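Okay, structure first, notes after.
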Amino acid sequence: MVYITSWDEFVERSVQLFRADPDSTRYVMKYRHCDGKLVLKVTDNRECLKFKTDQAQEAKKMEKLNNIFFTLMARGPEVDLSEVTGKEQTDVQPTKRGRGRKQ
Amino acid sequence: MVLLQLDPFLNELTSMFERSTGTGSVWVTLKRSSLKSKVVRNKMVTAGEAIEYKCLIRATNGKKTISTSVCISYILNLSFWFISVLLEPSCRVMQVSSTVECKLRLSCEE
């Protein structure tokens, strides 16, 4: 079992693993409230990817991964994930353009 | 393992999380499934029928296991549930990032 430190790498490899074998791949979340620890695991019974955290910010990122997997599992591995990730991009507030000081 | 409808499953899962706040863990597993045996699936494939897949969700606290299957129309409800029952309480328990903690410490020292 491999713990991946980078969240983006974990998400990308998890989606690839699922698309390669959608019938065998499962996504497991383990939460211990007394320790405040969350462990995510994606495995196809051959390869196992794990990600653990006790950080609140990364727990919030889990929401995006949940939506990705819900969509992949219900609609199929060929679904376009930009529908899921695209909504979050629109939620991001545009950067404010203030008055730039001329130097 | 008990197969429930979505709302009873969410109620049971919520109580499972509440009971495990002091001690223990909760595992939630998501898997793509047609809820049909391999034999039936192969027959459907040879007959040219489309197989309907759903998201099978299982939850356990080590003692009791519950499950439900979700189709695409209920995924939004499930997503809201995860936010309200799992993410918001867990964020209160989990650590805030170290950069924020440093800023707080610096502001206290001043």
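Annotations
- For the range A:3-57 versus the range B:7-77, the spacing of their alpha-carbon centroids is 17 Å.
- Computed over neighbours whose Cβ is under 13 Å from that of B:Ser69, the net charge equals +4, Lys and Arg +1, Asp and Glu -1.
- Nearest-0.05 FRET efficiency for B:Phe80 and A:Ala20, computed from C-beta distance (R0 22 Å): 0.15
- What you get for the range A:1-68, charging only the Cβ of Lys and Arg (+1) and of Asp and Glu (-1), is a dipole of about 220 debye around the Cα centre.
- Subset of A:Lys60/B:Lys31; A:Lys30/B:Lys54; A:Lys50/B:Lys63; A:Lys41/B:Lys31; A:Lys30/B:Lys63; A:Lys52/B:Lys54 violating a 18 Å alpha-carbon distance limit: A:Lys60/B:Lys31; A:Lys30/B:Lys54; A:Lys50/B:Lys63; A:Lys52/B:Lys54
- ³J(HN,Hα), Karplus 6.51/-1.76/1.60, whole Hz, each residue of the range B:39-52, x for Gly, Pro: 5, 5, 5, 5, 5, 5, 5, 5, 7, x, 7, 7, 9, 8
Values in this text are rule-based calculations from the coordinates and carry no lab data. Owing to the predicted nature of the structure, the values given are computational and were not obtained by experimental measurement. Using ideal geometry, Cβ is built from the backbone for each residue, glycine included, and neighbour counts are taken over all protein chains shown.
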